[in-house]
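Every number here is computed from the coordinates shown, using simple stated rules; none is lab data. Since the structure is predicted, the reported quantities are computational estimates derived from the model, not experimental observations. Cβ atoms come from the backbone with ideal geometry, glycine included; neighbour counts cover every protein chain shown.
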Amino acid sequence: MARRQITEYLDIDLDSEMWCCNRCGAELVNARDNYKRGCLVYERDPRTVHNPVIEGEFTRSPHPDYCRIIEFYCPSCGVMVENEYLPPGHPITHDIELDIESLKAKHATAAPAGGDE
């Protein structure tokens with residue numbers, strides 16, 4: 001199986017063209033799609049992540065009217081794959097788009113060196 005690590009927690013399986021969890025190997029979603037579609041999603045109240053520094057109206061803690069914290073988890077093992085800070089109403093970002101054909105070509109021409117590269 002031709003798997004390549006893309007981020008700390010995401011691999012791509014070049015044979016099946018699927019995003020996979022680097023920790024447990026679970027297939028998430030087609031690699032031509034946004035990997036976040038295959039994850040469990042949790043929207044956090046930013047005040048629970050960033051505790052107020054001072055009391056009062058201006059606490060130096062992000063207010064949920066202006067900031068969302070979205071966390072993405074592997075549905076199989078529960079590892080947090082990614083998180084992002086977004087303004088309310090902003091769509092989930094599509095932050096990784098791979099040239100799968102180039103990755104396959106690079107993998108096909110790579111000389112076997114006894115490792116996984």
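Okay, here's what the table says:
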read-out	value
Over the stretch 3-109, relative contact order from alpha-carbon pairs under 8 Å, at least 6 apart, %	21
Helix-only [θ]222 nm of the chain, DSSP H runs n ≥ 4, -39500 (n - 2.57) each, per residue, nearest 500	-3000 deg cm²/dmol
Ranked Glu101, Glu27, Glu82, criterion: other C-beta atoms within 10 Å, fewest first	Glu101, Glu27, Glu82
Sparse-neighbourhood loop sites, chymotrypsin sites (Phe, Trp or Tyr not before Pro) in the stretch 10-69 - DSSP loop, at most 15 other Cβ within 10 angstrom	Phe58, Tyr66
Sequence of Ser102, Ser16, Ser61 once ranked by neighbouring C-beta atoms within 10 Å, starting from the fewest	Ser102, Ser16, Ser61
Gaussian network model of the chain, Cα within-10 Å springs - most flexible of Arg47, Arg37, Arg23	Arg47
Euclidean distance between Cα centres, the stretch 70-104 to the stretch 20-60, Å	9
For the chain, cysteines whose Cβ has no other cysteine Cβ within reach (under 4.7 Å)	Cys20, Cys39, Cys67
Most fluctuating residue given options Asn30, Asn51, Asn22, as computed from a GNM of the chain linking Cα atoms under 10 Å	Asn51
Among Asp99, Asp45, Asp11, residue whose mean-square fluctuation peaks in a GNM of the chain (springs only between Cα atoms under 10 Å)	Asp99
Nearest-ten-degree value, helix 100-109 long axis tilted from longest Cα axis of the chain	40
Cα-centred dipole magnitude for the chain, charges only on beta-carbon of K, R (+1) and D, E (-1), debye, nearest 20	80
Least to most buried among Leu28, Leu40 (fewest other Cβ within 10 Å first)	Leu40, Leu28
